[in-house]
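Just so it is clear, none of the values below were taken in a lab; they were calculated from the coordinates. What you see is a predicted model; the values in this text were computed from it and never measured. Every residue, glycine as well, gets a Cβ built from its backbone with ideal geometry; the counts of neighbours run over all protein chains shown.
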């Protein structure tokens, strides 16, 4: 017996696919950008937004309000941890003397 897919399931699936797309974009940025600062920017922005979409999609599928709230609590905790770790990585890169990449201009 087949059951109809509800609007909540469609919304959840769309949110999960959107989150996966943002994770993919962050991974591409990690592989393609030229220096540690640009790579860090790509990862923190895209992955944090991707996680937001993922937890929203999972919260819609939760069986209870308590479970949904626990899933949603993951996002601000990861945001705080991500900000602290990103700052530490960028600060250490600066201490090591790693300079941001700049495009070579055609000017003399």
message: Per DSSP helix of 4 or more residues, -39500 (n - 2.57); summed, then divided by the residues of the chain. What does that give at 222 nm, rounded to the nearest 500?
response: -27500 deg cm²/dmol
- line: Using alpha carbon positions and the Kirkwood radius, the Rg to Rh ratio of the range 8-95 is 1.08
task: Note the angle between two axes, namely the Cα long axis of helix 65-95 and the longest principal axis of the Cα atoms of the chain, as a number of degrees from 0 to 90, rounded to the nearest 10.
output: 10
- prompt: Ranked from highest to lowest mean number of other Cβ atoms within 10 Å per residue, what is the order of the peptides 77-83, 91-97, 48-54?
  reply: 48-54, 77-83, 91-97
